[in-house]
Structures are given as C-alpha cells and as structure tokens.
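As structure tokens, the structure follows; a few thoughts come after it.
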Ligand SMILES: CCCC/N=C1\SC[C@@H]2[C@H](O)[C@H](O)[C@@H](O)CN12
C-alpha cells in the first residue's frame, strides 16, 4: 500500500503550513549538498536528529506510543533495521504480519511525522540472533556468510527481491518517509573485506530502488577502509567517550564534502548475562550530542528506545569467551524498556531544542505499573515426561550427534539421547571435546539431573549408570553470534561426547517444539508428577491466576530460581538467568495480561534448580543491575512488608 497523500489525521499532526506546502511526490527530494556540507530536503537545508528503535523488539500494539514519545523528544527521524530472519523463517517462506508488519510500522512513523533511515542489512548485528541472518543459511555448512559466496548471494538476492519492492513506494521521492538506506552494516569490522560483495549489494539496491535514494554505509573509525564504497555515502558510528574531532577528521578522508553523519551515537550500551549492567551518563551523552549538533552534523542516537529480546531472539558475542545478550535491551536508552521517559530523554530534548523546534505539549505520562504476588507455582512435570508432545515427529537417528542446523531446528532446545552400552560402577568423566557444547547442556541419566556443561568451559561431569541407562542431554541454543568474523555459529553438540574412554555414538535427536506445547497444553490432560520429591533439572512449573482490577505494566521477578524460559498466556517472554544476572526481572507489557478476574497463566521451564518455595512476583520497577550475590543481598534486605505489600491477586497499582 503506497503512502497516500496526507490523510486528514496526518494533516492534524503536521503544522497546517507544512501540510499545505507539502510538495507532491514528483518534487520531493532528499539529497547531499556537497557545496555546503549539508543535506537538502525538498531543496531546503536539512539536518536530521534521529533515534533508533527496533520494531522487532516492541510489540505492534506499543509502536504508536513509542514513536509519539520519540517525536515529542524533538526527533525528526527514526532509524531501524530489518532482520532477515524475522521475516523469512524458512527459505521462501515470508512473514510480514502482526509485529512483523514492516509497512504498518512505516505508516505509524509517518503518522508521527517522523522520517525514516532504513537499514535492511542483509546483516544487521544489533545484538540480534545471528545478526539478522537466517540460521537456515548454515544448512550449507561451508557457506561463507557476508561475502560474494554464490550460495550466500543467491539467498540475499532472493530475499531482497521480496523486501525492496515493498519499501520502494515508501521512498521519500515516491511520496513516502524513507530518506536514506544503509547497505550492509559495519562491514569494515567483519574482516572479509570483500568489495565484490559490497558492489553486488549496491548494484542490487540500485536495481530495485532506483537512482534517487541516498544509499550509505556505517562503520566504526577502524572499519572505514573496508566498509566504505564509492557511490555509497560514508558515515561513522561512535559514542560519548570517543574523540569526535579525530573521528570526523578521519571521516573527511572518505567524504571530503557533504554533511558529517554519526549513524550510531551510543546513548547507552548492551548487556551480557553474567556481566555488569551497562550505563552511559546523561551528562556525557548530552554533551557529545551538543558538540555534534554545533558542527551541523546529522546524528542518530543508538538506541533511543531499546525494547526487549522476546523469545529466543537475543544474539551473542565473543569477548574471549561466548557471551549471550540478555533478554532486556533497555540499553540505558532515553526511553526505558517499558516505554517510560527517563531523565536522559528530557536532557536530550533540551539540547535538541537549542538547534531546532521541538513539539510543544505534555509528554504522555509513564504507563501504569502493577505489583502482584507472590504467586506459588505448581510442578507440572519433568521435560522428559512430555517428550512425545514436544517432538511429535519423533527423533532423528544418527551415529554421531547432529547440529540444530542439520535437523532444521532454528532456535530454542534440542534433546540428545543415547543409551549406556556397559555398566559404569564408578563416577566416570563425561565431557564434550573441542569446546563442542553450543551452548549449554543439561545432562540427565535415567531422568536424574547430573549437572551442566557449558561452551568455553572445560568442566567435566562424573557419571555412573548401568547397561541400557538413558543418557539424555538437553542442549540450549543461547543465541547465535551477532558480531565478529565468525557468524557461522552452529548450535548443538558439535562433537560426540566422551564417557571415560568411550566416544558415545548411536544418537537420537529430538528437536523440541516447546512453544507449541505451552500454547496449547491447556487443551491437554497433563501428567501430574507421581513422585513425592520434585524432579531435578529441566522441569515445567505453572500457575493460573486472576487479576481482580485493571492491569498495568509489570516486571516478573524470580528470586531463587536459576535459569530458564518464561511464557505468559502462551507468549514467550524470554530467558531468565537469576543466578547470573545482571537482569533479575523480565518486562511484562500489560497487554499480555487479562484483567478483571479473567484467568492468566504463567509457565516456567526451569532448567536447573528450583527454589525451596517455587514463587514468583510481579514488581512495579525493573531490576537490571544486580548480579546474583548482590541480588541475594537485596532480596534479604527487602523488608517483609515490601514482599507482601500486595495481597495475592490484588492490583496495587501506581
Ligand atoms: C566496538 C563495537 C563493535 C560492535 N558494534 C556494535 S556493538 C553495539 C552496536 C550494535 O551492535 C549495532 O548494530 C552495530 O552496528 C554497532 N554496534
């Protein structure tokens, strides 16, 4: 659906003068004016002050709210990626519906009077699963991602021939709001330095989008050499602690004339499980922005609103060892994960107001928050009890273990099973050689939890068993590498495990469809756990609960739990890892919850150990900066009334 002429609603949003003067599609233009080192929009000098938000990290029902807050903050543009793997789940199968409706998001941005800087990749980094590349590319294990490898280019061409025609009508000169489009992403940091690949992408974008749209690249200062390309406008990215003068001087070697552009000015930073929560100070961020605006630079703030890595969508990094990105992508951004304005937002708005008009009128208030609980969850059953339901197609058999990609399991979990061929009387070393666990393995013998093997760790477990004992290994994919030169991050058991002196063979692989089971198991008569003692290891817990009043945004807190996955009313909220931190709560948007006494259901898959009291609670504030030891202290220090402040099932909203 091509953008219409300004609707009456849009006319209400735009100042009357602008609506009347809005040029028709044939006179609209966004170009680089190299004579005056600036952009021109419809012939007039223009500088964008933009912010990043990712539609794929924000449920569709919340898009308008976030975009309105960004417009009110003084931004005149937004920047976002298009994750290939979010829209092409299987080769040739496309999904642009619901929270994947890219065109609807473009339209929401237009209604908020925001121009768009689009970054369709094909690689996007973004701490997103595999940097946005679909994991099914790895079904050809030798494929050379982000290069002119014919197999990779064939898949890229096929994808862009679907995507780019969809956005063509939304290009600014065609009447839409997309003023520029990025080719690839920080390619100079990848190391391949394959100019044939970049030229192929540039040619494809030109062929499908025409000659008028401004195409650009973005790189850190160290990546400009391999990341820039003649014919594509060169931009950089850097944060408040970097030397702006030095980096812009380097940029001038690539773009002697035209506007200076920082395409990713970091307002905060990402978090890894097990590392401290990242923040960037308000003073440093605002000072850096003001210095760039004084130079006349156009700036995009990364992130302006971070959102959440729901489900299994988080990416990962390799900083000496494998580090998985947390579920929260709050990023210490000006708009918090729950959509609330922060002091950083108001400070940045003040800076922007010194350089251009900012909308008047009040900012929407923070959303209503809710506390609830504690709720005591009941044991549903051990994961193995549901194996037939979790893998209805049955196991795949192979002498050696197969990867997730080889059995076409993209994300989540897979169970590997074999049988002991001889009795092991003494605790015997068990491990996976060559760092072959990708990424976490929960080991069971005849259903009894033995412990965890982790990627990058040289731990061994010590097992015993008898002939015919079942050896089960639940492997968790913690998110594929989203940055760095080796994004071919295969998942599963990459090597056959060793027990004592024996290489274990004859494996069965069970790709698990947990989300389907959780969504529909209210239809099933579930097996009750028949034993007095709670099972250990991967176990489902659940609780059905009403909320008597209205609902509010809330933050699920799981004190004493270890690590697992959470679903609210069948929606996969994401991963928790209370034991590691720094994230201790999961954001629950209020639209997921049923109000006024209707029954809600929370389901946990706890992978390791359950607390003595299997309770959870809903808080009215997030806890994103607490490692386990500190957090345990915090919990102990919480006064009793704090924890019992809210009567169970009662809404004590703020
Ligand atoms: C030294 C940083 C190199 C990696 N680049 C990063 S880390 C955070 C951001 C996002 O991933 C973004 O998608 C990248 O383009 C740039 N960047």
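The values are calculated or read from the model by the stated rules, or taken from the named source; none is laboratory data. Here the structure is a predicted model, which means the values were calculated and not measured. So basically every Cβ, Gly included, is an ideal-geometry build from the backbone, and we count neighbours across all protein chains shown.
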Residue set 506, 501; condition outside the structural domain of residue 600 (by the TED database), over 30 Å from residue 370 (Cα atoms), more than 16 Å from the ligand (Cβ to nearest atom) and in contact (Cβ under 8 Å) with a residue 12 or more places away in the chain; output residue 506
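Looking at 107, 95, which one is without any contact (Cβ under 8 Å) to a residue 12 or more places away in the chain and either within 27 Å of residue 592 (Cβ to Cβ) or within 16 Å of the ligand (Cβ to nearest atom) (or both)? Don't jump to the end; show me each part of the working.
Values: 107 fails: without any contact (Cβ under 8 Å) to a residue 12 or more places away in the chain.
Testing whether each residue is without any contact (Cβ under 8 Å) to a residue 12 or more places away in the chain and either within 27 Å of residue 592 (Cβ to Cβ) or within 16 Å of the ligand (Cβ to nearest atom) (or both) leaves just 95.
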Across (1) buried (at least 23 other Cβ atoms within 10 Å of the Cβ); (2) under 25 Å from residue 445 (Cα atoms), residue 536 clears everything bar (1)
In the set 411, 417, 455, the lone residue that is out of contact with any strand residue (DSSP E or B) (no Cβ under 9 Å at 6 or more places or on another chain) and more than 16 Å from the ligand (Cβ to nearest atom) is 411
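Can you pull out every residue in the stretch 66-82 that is part of a strand (DSSP E or B) and either within 16 Å of the ligand (Cβ to nearest atom) or in contact with a helix residue (DSSP H, G or I) (Cβ under 8 Å, 6 or more places away or on another chain) (or both)?
The first filter runs over the stretch 66-82 and keeps only residues part of a strand (DSSP E or B), leaving 77-81.
Those that are part of a strand (DSSP E or B) and either within 16 Å of the ligand (Cβ to nearest atom) or in contact with a helix residue (DSSP H, G or I) (Cβ under 8 Å, 6 or more places away or on another chain) (or both): 78, 79, 80, 81.
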Conditions (1) modelled with pLDDT of 95 or more; (2) surrounded by fewer than 20 Cβ atoms within 10 Å (Cβ to Cβ) -> residue 17 fails only (1)
Over the stretch 302-320, the set of residues more than 24 Å from residue 565 (Cβ to Cβ), away from the ligand (no atom under 12 Å from the Cβ) and modelled with pLDDT of 95 or more is 304, 305
Within the stretch 120-146, the count of residues that are within 13 Å of the ligand (Cβ to nearest atom) and in a helix (DSSP H, G or I) comes to 4
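Which residue is nearest to residue 610 (Cα to Cα), if the candidates are limited to the stretch 566-579 and must be without any contact (Cβ under 8 Å) to a residue 60 or more places away in the chain and part of a strand (DSSP E or B)? Walk me through how you get there before you give the answer.
Let us first name the residues in the stretch 566-579 that are without any contact (Cβ under 8 Å) to a residue 60 or more places away in the chain, namely 566-570, 578-579.
Filter once more, keeping what is part of a strand (DSSP E or B): 566-568.
Working: 566: 14, 567: 17, 568: 19 Å.
Ranking the qualifying residues of the stretch 566-579, first place goes to 566.
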Sole miss for residue 168 among (1) in a helix (DSSP H, G or I); (2) more than 23 Å from residue 484 (Cβ to Cβ); (3) within 16 Å of the ligand (Cβ to nearest atom) is condition (3)
Counting only residues in the stretch 475-498 that are within 16 Å of the ligand (Cβ to nearest atom) and at pLDDT below 95, the one surrounded by the fewest Cβ atoms within 10 Å (Cβ to Cβ) is identified as 486
Being in contact with a helix residue (DSSP H, G or I) (Cβ under 9 Å, 6 or more places away or on another chain), under 30 Å from residue 168 (Cβ atoms) and within 14 Å of the ligand (Cβ to nearest atom) narrows 299, 236 down to just 236
Requiring at least 2 residues that are at pLDDT 95 or above and closer than 23 Å to residue 381 by Cα, the strands (runs of 3 or more DSSP E) wholly within the stretch 407-468 are 413-419, 440-445, 448-454
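For the stretch 83-119: of the residues being touching a strand residue (DSSP E or B) at 6+ places or on another chain (Cβ under 7 Å) and part of a loop (DSSP other than H, G, I, E, B), which is farthest from residue 184 (Cα to Cα)?
Our first condition is that a residue be touching a strand residue (DSSP E or B) at 6+ places or on another chain (Cβ under 7 Å); within the stretch 83-119, this holds for 83, 106, 109, 114-119.
Checking the rest, the ones that are also part of a loop (DSSP other than H, G, I, E, B) come to 83, 114.
Values: 83: 12, 114: 23 Å.
Once the filter is applied, the top-ranked residue is 114.
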